[in-house]
1. Would you mind ranking TRP146, TRP256 by Cβ crowding within 10 Å, fewest neighbours first?
2. Taking neighbour Cβ counts within 10 Å as the exposure measure, how do VAL34, VAL48 sort from fewest upward?
3. If amide H atoms are built 1.01 Å from N in the plane of the peptide, which residues on other chains or at least 5 residues away come under 5 Å of the amide H of ALA124?
4. Kindly write out, for region 218-226 in residue order, the coupling ³J(HN,Hα) from the Karplus curve 6.51 cos²θ - 1.76 cosθ + 1.60 (θ = phi - 60°), rounded to whole Hz, with x marking Gly and Pro.
5. Using a ≥ b ≥ c from the Cα gyration tensor of region 1-150 (square roots of the eigenvalues), is it rounded, prolate or oblate, where a/c under 1.5 gives rounded and otherwise the larger of a/b and b/c decides, a/b for prolate?
6. For the chain, take the longest principal axis of its alpha carbons; what is the angle in degrees between that and the long axis of helix 318-327, to the nearest 10 within 0 to 90?
7. Fully extended, how many nm does the chain gain between GLU190 and ASP64 (0.36 nm per residue separation, minus their Cα-Cα distance)?
8. Rounded, prolate or oblate: pick one for region 180-328, where a ≥ b ≥ c are the square roots of the eigenvalues of its C-alpha gyration tensor, a/c under 1.5 means rounded, and failing that, prolate if a/b is larger than b/c, else oblate.
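Nothing in this text is a laboratory measurement; each read-out follows from the coordinates by a stated rule. All values derive from a computational prediction rather than experimental measurement. With ideal geometry, Cβ positions are generated from the backbone for all residues, glycine too; neighbour counts draw on all protein chains shown.
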Amino acid sequence: MKKKKIAIIATGGTIAGSGAAGKTTNYEAGTISVDEVLDSIPDIRDRVEIVLDNLFSVDSNEIDDQRWLILTEHINKLADQQDIDGIVVTHGTDTMEETSYFLNLTVNTLKPVVLTGAMRPATATSADGPFNLFQAIMLASHSEAWGRGVMCLFSSTIFSGRDIQKISNYKIDAFDQRAFANLGYMKDDEVYFSSQPLKRHTTYSIFSRKPIKDLAHVAIADYYVGASPDILDFLAQNNEGIVIVGTGSGNYSKEWRQRIEELSDQGIIFVRASRVTNSIIFQDDYFDPKHVCLGANNLSPYKARILLMLSLTITKDKKAINDYFLNY
């Protein structure tokens, strides 16, 4: 049987990090090549043909809008090659949940795209990177992985790029999928799918149909006890949209409501999200009686920001953007 051909795009992160021998803290991310990590995986090159592409070597906190756009373009070019069966992206865990959702909306392929990383640097005792990378490669080469959107593989669990979130900064099992079921799991090299993403993604996404040159500027504003609405005025100076991180169901004070209404009249697009991990936010008649804010649905504030950034590259029509939040 012909070996599957998997492209690995390296972007840095802890999986390529190094520090004091055996230690899991005080290391520098993105300092070794993924090729070295691959060398620690027995027989991997005998099982699949690997094309390695070192795109970035950065801590994932250095990922920005332009790197997202470059990464999307890179994935699309690789996916267009007929002999490439799947793509793995190694990425730092701090912002993996944001990158995975951005790619889920902008990558234009049904081929498997899998993000993975590590909680322990390559120099740590019992580094988790090699096994995560091994399973990500096996997932990307699996025939049933096609058409499931961008996925993340971590600690033998298959997550949707839309719903994954980081829940620990010290455990190896560092991610979950909010209140939603995972896509599946792995046992060694065996893949077991248990669900399918229902929201639009990849080739079904309006944001993947043509290249995006620049993203709209969108900020996030946290409401908390005693928070001044003056922060909204400041953010409105350089942003087209603002995501409000409210309490409970995306709630905030009457003072904030008044300022949001005023800025909305000036053309700023607002989305209400929540500080609560498992929340569903729609338009609200009490906290937002004029319906100037859109609801984040069940997206985290950070992912709501990504969807609003992309939405504003197409339209400023609130009804159209609200439809995106319902369907993506």
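1. TRP146, TRP256
2. VAL48, VAL34
3. GLY22
4. Karplus-based 3J(HN,Hα) across region 218-226 equals 9, 10, 10, 10, 8, 9, 8, 4, x Hz.
5. Oblate, since a/c reaches 1.5 and b/c is not below a/b.
6. Result, in degrees: 40.
7. Full extension of this stretch gives 41.9 nm more.
8. The shape class here is prolate.
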